Ligand code: XBP
Ligand code: MG
């Protein structure tokens, strides 16, 4: 078996967390007396810029909102307060794991695979989500985590996946990524890692042509996924055994050429 590790994205992949992030941003803006409101359509646009601090800076520069200039130098402080608000919001488990996530993590461990995380969000947010949904610390669930604060270039740059591979001690063609967004797809592909996409509420409709497989979710015994593109037709759940077979066809495939970066804040 070539497959040695599964690397999960967090926001949108483990759980539909982006709506909680959006509400936390808006509530924090209001707490700071800022007349800023990120509605769902605007947030979908803003998600092209990964990372909360980068997203706020991009919004100020591109949308020129009232009080933008004076907030620019306080972005780290504003974002820290938003993150604390977000963690309080999800602490009661009200944002559940997506179908098949817990199952696949457990099956992967039983099969002797390593399980990691590559996310643009910060470590405390991942720890809060895992504690709330799985009832134990993230360190007991994942063999390694690569989080936003550890790299200088977030997705779609390859740095987070390269860091996850290094921490897990596996090569790029011994791992598979589970992602929900095009930025995540590009990040993994640029690190040479093949990708399974489970589109989320905010990323449905993005271009996932280069994914190994696109399925509606990872699937449960009583909740088969809907096959959208690539490998996985006539199946119902993503399993370690299926992933192993899929990446055998991928091993050795050259990395795609670098592509232009989307705007950064
Ligand atoms: C998705 C993101 C994050 C969240 C907000 O990350 O782009 O920036 O929207 O999180 P993932 P922060 O790679 O997990 O899908 O405010 O903590 O940055
Ligand atoms: Mg994501």
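Points worth noting:
- Only one of 49, 71, 10, 117 that is within 11 Å of ligand 1 (Cβ to nearest atom) and either surrounded by fewer than 19 Cβ atoms within 10 Å (Cβ to Cβ) or not assigned by TED's automatic domain parsing to the domain that holds residue 150 (or both): 49
- Unique match (being under 21 Å from residue 168 (Cβ atoms) and modelled with pLDDT of 95 or more) among 127, 77: 127
- Filter result for residue 230 (modelled with pLDDT under 95, touching a strand residue (DSSP E or B) at 6+ places or on another chain (Cβ under 8 Å) and more than 16 Å from ligand 2 (Cβ to nearest atom)): yes
- Selection within segment 85-108 - free of Cβ contacts under 8 Å to residues at least 60 places away in the same chain, farther than 23 Å from residue 216 by Cα and surrounded by 14 or more Cβ atoms within 10 Å (Cβ to Cβ): 87
- Among the residues of segment 186-196, those identified as more than 12 Å from ligand 1 (Cβ to nearest atom) and outside any loop (DSSP other than H, G, I, E, B) are 189, 190, 195, 196.
Okay, residues lined up against (1) assigned to a helix (DSSP H, G or I); (2) at positive phi; (3) within 16 Å of ligand 1 (Cβ to nearest atom); (4) surrounded by 23 or more Cβ atoms within 10 Å (Cβ to Cβ):
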{"position": "157", "(1), (2), (3), (4)": "no, no, yes, no"}
{"position": "160", "(1), (2), (3), (4)": "yes, no, yes, yes"}
{"position": "178", "(1), (2), (3), (4)": "no, no, yes, yes"}
{"position": "184", "(1), (2), (3), (4)": "yes, no, yes, yes"}
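- Taking the criterion of being on the phi > 0 side of the Ramachandran plot and within 21 Å of the chain's Cα centre (by Cα), the only residue of segment 59-93 that qualifies is 93.
- Filter result for the condition that a residue is surrounded by 19 or more Cβ atoms within 10 Å (Cβ to Cβ) and at positive phi, over 192, 135, 112: 192
- Residue tally, condition surrounded by fewer than 20 Cβ atoms within 10 Å (Cβ to Cβ) and either on the phi > 0 side of the Ramachandran plot or in contact (Cβ under 8 Å) with a residue 12 or more places away in the chain (or both), over segment 26-42: 8
- Residue ID - surrounded by the fewest Cβ atoms within 10 Å (Cβ to Cβ), chosen from residues in segment 208-227 that are within 15 Å of ligand 2 (Cβ to nearest atom) and part of a loop (DSSP other than H, G, I, E, B): 217
- Conditions (1) over 24 Å from residue 227 (Cα atoms); (2) in contact with a helix residue (DSSP H, G or I) (Cβ under 8 Å, 6 or more places away or on another chain); (3) within 16 Å of ligand 1 (Cβ to nearest atom): number failed by residue 172: (3)
- Residue match in segment 145-154 (condition: buried (at least 24 other Cβ atoms within 10 Å of the Cβ), part of a loop (DSSP other than H, G, I, E, B) and in contact with a helix residue (DSSP H, G or I) (Cβ under 7 Å, 6 or more places away or on another chain)): no
The values are calculated or read from the model by the stated rules, or taken from the named source; none is laboratory data. Computed from a prediction, not measured in an experiment: that's the story for all the values here. Here the Cβ is made from the backbone with ideal geometry for all residues, glycine too, and neighbour counts use every protein chain on show.
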